[in-house]
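Written out below as C-alpha cells is the structure these notes cover.
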Amino acid sequence: MSDDHVYLSLAEGHDDSDARWAFGTGFEDPLYGVDTAVPEGLDAAALAADCLALGDDALVLAQRLAEWVTRAPELEEEVALANIGLDLLGQARLLYSRAGQTDGTGRTEDAYAYFRDAADFRNVRLAELPNGDFAFSVLRLLVFASWRLAHFTELASAPDPVLAAIAAKGVKELAYHRQYAAEWVVRLGDGTAESHARMLTALEAQAPYWEELFAAHDVREAVLADLRQVLDAAGLPMPAVPPLPGQGRGGGHTDHLAPLLAELQSVARAHPEATW
Amino acid sequence: MVTVLTDVRRARHIAEQVPDPELPMLTLADLGVLRDVTVEPDGTVVADLTPTYSGCPAMAEMRAGVAARLRDAGFGRVAIRTVLDPPWTSDWITPEGRRKLAEHGIAPPNRAPRRPAGPVPLDLSPTRRTVLCPRCGSAATEETSRFAATSCKALWRCLSCQEPFEYVKEI
Ligand SMILES: [Zn+2]
C-alpha cells in the first residue's frame, strides 16, 4: 500500500490474487468458476438474446433506482431503493456474463453495459421512463417486480442450468422488491387526497406500457392478479387506457433511454482502457 | 490416499476460517456460503462458494480471501467455483453463526418461508414475525426498514430498551 495517493493504493493489486472492492469497470466475471457449457440441442443464440433482454431490463431500472439516492423522501426509502437497485444490478451482471458466453462473441459484462447504444438495448420501455415522483417510481417498481418475478418463477426450470439458477436466485430477491413496492402503493393510494391523486396520475401514465410486458413474457394473469389485489387494498381503480404501440424488446425506445445511457456510460467511454 | 484425505481435511479447515468481508464476526462456514472443499487427483484444491445475493459485492473479496489463505498454507493449486444452485438461504447460517451474530448485536434470521415451487403469493397482511432484541431479549420489537446497510439485513428497533438493531433477513 502506498500512502501518498489513496486512489493509487486502492487500485493496487486489482487482479485475481488480491481482489479488493471493485469500483467501476474491470470487475471479475460474476460467473467465475461456474460450469458454462450450453446443454446439447439448446439454441444458444436465442438463449443469449433472452439473457441480454433480461439483463437490459435490470440494468436500466437499476440506474433509475440509483437516481433516487440523495433525493428520496426519507433515508430508509433511499436505502431500500438503492438495495433493490443493487440486486437488479447483480442480476444484470450475471445475465450479461451468460449472454457473452452464449452469443459467440465472448463479450464481458462491461461491453454490454458500457459500449452499446440505445438502439441496441432490448429493455422494455417501462424500465426507462423517468422516475417522476415517488408514487410513479413505486408503482413502476411494483409492476416490474411482479412481472419479472412471475417470469423468473417459470425460468427457474429453464433448460439452461445457468439461466435457471440465476432466475431461482432472483425469485427470492424480487419477492422482497414486490412486497416493498406493494406496501407503498397501498399506503399512498389509501393515504391523503394528494397521495391518492398522485397514484392515479401514475397509473394513467404507466398503464399504456403494460401490454409490452405481456408481449415479451406471457405472465399477464399473474401480474394482473397482483395488481388487482394491491389496487383493491389501495382503493385505486384498474386503469383502462389503450396500450402504446412499440416494443423496447425490438430496439424501439422512448427518448428517455439515450440520456440515461449517456450518464451511465460516460466515464467508461471517456477512458475505455481504464479500470477503477 | 491417506495424504489426500489429510489434505482435504486441512484445506477445508483453512477455508472454513476465512472471515466474511461484510459480517467479519462470521466465518464463511458460519454464513453457509462455503459449500464444499475437495481435492482433485492432481492436487488442486477446489472450494465451492455461493453468493448470498445476486448483487453481493463481497463475492470477489471472498474468493480472493479463500484462495490467498489456501496458498499461504502451501496449497499450490487452488480453484474457486461459484455455485448458484441451490440458491443461498439464511437457513444455512450455522447455530454457531447465529450465536455470534446475536453476541454482536445483530438479530439472527428466523426460518425462511417454505415455499412450494410455483408462483410466489403476495401477502399484504401485516407481517407477523417475532424478532428478539439482541440486546435485552425483549420480543417487543418492530421493523423500521426492510432494507439496511447491506442486502442481507433489515433495520429493527426494540420497544423495551429503545435500541435500534439490525436483523438478518430470512430468505
Ligand atoms: Zn431491547
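When residue B:101 is tested against (1) more than 13 Å from the chain's Cα centre (by Cα); (2) on the phi < 0 side of the Ramachandran plot; (3) within 16 Å of the ligand (Cβ to nearest atom), exactly one condition is not met: (1).
When the criteria are applied in full, residue B:30 fails the requirement of being away from chain A (no Cβ under 14 Å), of a type outside the set (A, V, I, L, M), touching a strand residue (DSSP E or B) at 6+ places or on another chain (Cβ under 6 Å) and not in a loop (DSSP other than H, G, I, E, B).
Do we have residue A:273 as loosely packed, with under 12 Cβ neighbours inside 10 Å, farther than 23 Å from residue A:133 by Cα and modelled with pLDDT of 95 or more here? Against the criterion (loosely packed, with under 12 Cβ neighbours inside 10 Å, farther than 23 Å from residue A:133 by Cα and modelled with pLDDT of 95 or more), residue A:273 does not qualify. Within the range B:129-143, restricting attention to residues that are within 14 Å of chain A (Cβ to nearest Cβ) and within 15 Å of the ligand (Cβ to nearest atom), the residue that is nearest to residue A:169 (Cα to Cα) is B:143.
Total residues in the range B:144-171 satisfying the condition of being within 16 Å of the ligand (Cβ to nearest atom), of a type in the set (S, T, N, Q) and touching a helix residue (DSSP H, G or I) at 6+ places or on another chain (Cβ under 9 Å): the figure is 1. Whenever a residue of the range A:236-250 is more than 27 Å from residue A:194 (Cα to Cα), its partners that are exposed (fewer than 15 other Cβ atoms within 10 Å of the Cβ), lying with C-beta atoms within less than 6 angstrom and at least six residues away or across chains, give the pairs A:246/A:252. The set of residues from the range A:217-276 being part of a loop (DSSP other than H, G, I, E, B) and of a type in the set (S, T, N, Q) comprises A:247, A:254, A:275.
As for the range B:93-107, it holds no residue that is within 14 Å of chain A (Cβ to nearest Cβ) and either under 30 Å from residue A:95 (Cα atoms) or at pLDDT 95 or above (or both). Does at least one position in the range B:121-128 carry a residue that is surrounded by fewer than 21 Cβ atoms within 10 Å (Cβ to Cβ) and either in contact (Cβ under 8 Å) with a residue 12 or more places away in the chain or within 16 Å of the ligand (Cβ to nearest atom) (or both)? Taking every residue of the range B:121-128 in turn, at least one turns out to be surrounded by fewer than 21 Cβ atoms within 10 Å (Cβ to Cβ) and either in contact (Cβ under 8 Å) with a residue 12 or more places away in the chain or within 16 Å of the ligand (Cβ to nearest atom) (or both).
Does residue B:55 satisfy the condition of being within 20 Å of residue B:93 (Cα to Cα) and either touching a Lys or Arg at 6+ places or on another chain (Cβ under 9 Å) or aliphatic (A, V, I, L, M) (or both)? For residue B:55, the condition - within 20 Å of residue B:93 (Cα to Cα) and either touching a Lys or Arg at 6+ places or on another chain (Cβ under 9 Å) or aliphatic (A, V, I, L, M) (or both) - is met.
Filtering the range A:59-97 to residues that are away from chain B (no Cβ under 11 Å), of a type in the set (S, T, N, Q) and in contact (Cβ under 8 Å) with a residue 12 or more places away in the chain leaves only A:63. Note on the range A:33-58: among residues that are within 14 Å of chain B (Cβ to nearest Cβ) and surrounded by 18 or more Cβ atoms within 10 Å (Cβ to Cβ), the one that is farthest from residue A:170 (Cα to Cα) is A:34.
Could you say whether any residue in the range B:62-71 is touching a residue at least 24 places away in the same chain (Cβ under 8 Å) and either on the phi > 0 side of the Ramachandran plot or part of a loop (DSSP other than H, G, I, E, B) (or both)? No, the range B:62-71 contains no residue that is touching a residue at least 24 places away in the same chain (Cβ under 8 Å) and either on the phi > 0 side of the Ramachandran plot or part of a loop (DSSP other than H, G, I, E, B) (or both). Looking across the range A:221-244, just one residue is exposed (fewer than 12 other Cβ atoms within 10 Å of the Cβ) and of a type in the set (Gly, Ala, Ser), and that is A:240. Residue B:156 meets each of the listed conditions (1) in a loop (DSSP other than H, G, I, E, B); (2) buried (at least 18 other Cβ atoms within 10 Å of the Cβ); (3) touching a Pro at 6+ places or on another chain (Cβ under 8 Å) apart from (1).
Take residue A:181 and tell me if it is aliphatic (A, V, I, L, M) and either buried (at least 20 other Cβ atoms within 10 Å of the Cβ) or in contact (Cβ under 8 Å) with a residue 60 or more places away in the chain (or both). Here the answer is yes, as residue A:181 does meet what is asked.
Tell me, yes or no, whether the range B:42-57 has at least one residue that is within 14 Å of chain A (Cβ to nearest Cβ), under 17 Å from the mean Cα position of the chain (by Cα), among the charged types (D, E, K, R) and more than 25 Å from residue A:82 (Cα to Cα). Among the residues of the range B:42-57, at least one is within 14 Å of chain A (Cβ to nearest Cβ), under 17 Å from the mean Cα position of the chain (by Cα), among the charged types (D, E, K, R) and more than 25 Å from residue A:82 (Cα to Cα), which makes the answer yes.
The values are calculated or read from the model by the stated rules, or taken from the named source; none is laboratory data. Predicted, not measured: the structure shown is a model, and the values here were computed from it. Cβ coordinates were reconstructed from backbone atoms using ideal geometry, including for glycine residues, and neighbour counts include every protein chain displayed.
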